[in-house]
Amino acid sequence: MALSVLSLASEAVPLIKTGGLADVAGALPGAVAPHGVAMTTMLPGYPSVMRAIGKGRLLHAYPSLMGEPARLVSATLGDHPLVVLDAPGFFAREGGPYADPAGHDWADNWRRFAAFGRAAADLAGGAIKRKRFDLVHAHDWQAAMALAYLRFAPADGGRAIASVITIHNIAFQGYFGAEVFPQLGLPDSAWSMHGVEYHGGVGFLKAGLEAAGAITTVSPTYAAEIRSPQFGMGLEGVIMAHENRVHGIVNGIDTALWNPETDRSIAASFGLRSLARRAPNKRALEEEFGLEQDDGPLFVVVSRLTWQKGMDVLLEVLDHLVGIGGRLALLGSGDAALEAGLHAAAARHPGRIGIRIGYDEPLAHRMQAGGDAILVPSRFEPCGLTQLYALAYGCVPVVARTGGLADTVIDANIAALGAGTATGVQFDGVNYHALRAAISRTVALYQQPDAWRTIQRNGMKCDFSWARSGKAYADLYASLVT
Ligand code: ADP
Ligand code: GLC
């Protein structure tokens, strides 16, 4: 009989997305299905989710869930079951899932995601009739409290259940003041160093890490990095304490959505044996961004505009990039200061740098199809998906050697070029000199068409589908359910 898993996420493609978590949570049910896992996903009922599911089927009604009326409603996410927490007082708001339209975190995030965790714990623990699960899989701090509720405050009639928590980004921890503790509905015993208490406040991610049967993160290198203060961001001690339960499983990509041979959002489809058909995509992108057309390299960036992503360092090297014959098309949104800096760079280099501020999924596909190389100068990167999409689309990734970027790109050094295995360019340390040198190296490689085509083809041959990682998750689940 299939193993029944409840996956708890705060976003999932195609219903709600701010970053890679949505891609992963959306693809996971299909990734584990061939390995005997029946996965149900649970999401908060944001406006986009409620619009997409329509009425759904009522599973349970709460007169008051942490102060708001709420309902659990079942629907579908693609071919797989979905449960939505419909709680308008918490989720029916314009703005993002975590922040208001001005970009400030919602002040009641602790209550919104504690409520999500409470309802998820009721469902996972079997307190809500008609559903039963063998294991609960929580993603990031927004889902982590489910594991704390299952541990410290299981619902009446609930039972113990195996659990996994996945860290998609340890920088986001869901840390709140001690004053929220009495309102969480947890017993006093939860207020301890090995419970939910963290540096004198409440740590949602910390509480989940302490309660989980297994901890995963989204690449082997990041799994090693978060043992150190530089990457662990204060949680390195917790990670070390549970070290034998920490696994690094690299993300896959959904090849039904990201495949240059079938992608409907790009100007011309192409594949490994028809690389020349990338050209119309490059021309279309130049036109879309108002860039001069020439045969030099077109760099692209598709990113949140944040310090994590090294976008401040990117700004510093743009004059150099243009100076050696490069052009840049950038799609992103985030920090206002970075946006302003990018606009200034575009104004300095009309026709050479084009900027699109905002969030645009089809454009992200067109950029992977039309760009020659994608820049990913992240200071840390748990996995990173944009370099995986780039590999699949023949857009050469130029990446910092950290986290999943280190694990998924093979640097075009002399040995790898000689062996014919290179798939991109890596550099050490996110600073002006390192990124500048990497861009120069990329331009030099681009000027050797045979070597460049080999790098593109090597990337396109890589298998970053979910096949292997889907099995890795399924094996982990099976090992935890006895
Ligand atoms: P992170 O989750 O840290 O932002 P990832 O590389 O894992 O980084 O995932 C980012 C995802 O978000 C990718 O699917 C990427 O294409 C997408 N993305 C990022 N910024 C934008 C944007 N401005 N418009 C469209 N898609 C974007
Ligand atoms: C986070 C990380 C990113 C990862 C994504 C999906 O947003 O920043 O590196 O790819 O989660 O796991």
Handout entry: With Cα atoms, 0 to 90° folded angle of helix 140-152 axis to the chain main axis
Key = 20
Completion exercise
Within the chain, the percent of DSSP beta bridges that are antiparallel, given to the nearest 5, stands at 30
Problem - Whole-number accessible area per residue in Å² for the chain, which is evaluated in the context of all protein chains at 1.4 Å - result: 38
Practice task
Would you mind computing, in nm to one decimal, how far apart the modelled labels at Glu287 and Asp108 are, each placed 7 Å from Cα along Cα→Cβ?
Solution key: 4.9
Fill in the blank from the handout: If every Lys and Arg gets +1 and every Asp and Glu gets -1 at its Cβ, then about the Cα centre the chain yields a dipole, in debye to the nearest 20, of 1040
Practice task
Could you work out the longest stretch of the chain that avoids the GluC sites (Glu not before Pro) located in DSSP loops with at most 16 other Cβ atoms within 10 Å?
Solution key: 293-482
Exercise for the section: Compute the length gained on full extension between Met193 and Ala256: take 0.36 nm times their separation in residues and subtract their Cα-Cα distance, giving the result in nm to one decimal. Expected result: 18.3 nm
Exercise for the section: Summarise the accessible area of the chain (1.4 Å probe, protein heavy atoms) by the percent that is carbon and sulfur. Expected result: 55
Exercise for the section: Starting from the Cα gyration tensor of the range 124-265, take the square roots of the eigenvalues, sort them a ≥ b ≥ c, and report rounded, prolate or oblate (rounded when a/c is under 1.5, otherwise prolate if a/b is larger than b/c, else oblate). Expected result: oblate
Fill in the blank from the handout: For the range 272-461, whose charge dipole is built from +1 on Lys and Arg Cβ atoms and -1 on Asp and Glu Cβ atoms, the candidate among Ile353, Ala390, Leu305 with its Cα farthest towards the positive end is Ala390
Practice task
In square nanometres and to one decimal, what's the mean projected area of the convex hull around the Cα atoms of the chain?
Solution key: 22.0
Problem - Difference of contour (0.36 nm per residue) and Cα-Cα distance, Arg273 to Gln308 - result: 9.0 nm
Completion exercise
In degrees, nearest 10, the alpha-carbon axis of helix 467-480 is tilted away from the dominant principal axis of the alpha carbons of the chain by 20
Completion exercise
Computed on Cα atoms only, the convex hull of the range 1-130 has an orientation-averaged projected area in nm² of 7.9
Exercise for the section: Could I have the simple spin-label model distance between His242 and Asp319, label points 7 Å from Cα toward Cβ, reported in nm to one decimal? Expected result: 4.8
Handout entry: 29 Å tail of the calculated P(r), the range 272-461, as % of Cα pairs
Key = 12
Exercise for the section: Just flag the trypsin sites (Lys or Arg not before Pro) in the range 256-307 sitting in loop per DSSP whose Cβ has no more than 10 other Cβ atoms within 10 Å. Expected result: Arg264, Arg273
Problem - Estimated inter-spin distance, Ser265 and Thr482, nm [label 7 Å along Cα→Cβ] - result: 4.6
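The values are calculated or read from the model by the stated rules, or taken from the named source; none is laboratory data. Everything quoted here is computed from the prediction, not taken from an experiment. With ideal geometry, Cβ positions are generated from the backbone for all residues, glycine too; neighbour counts draw on all protein chains shown. Each accessible area value is taken on the protein alone, full model and side chains, heavy atoms only, with ligands, DNA and RNA left out. Shrake-Rupley method; radii C 1.70, N 1.55, O 1.52, S 1.80 Å.
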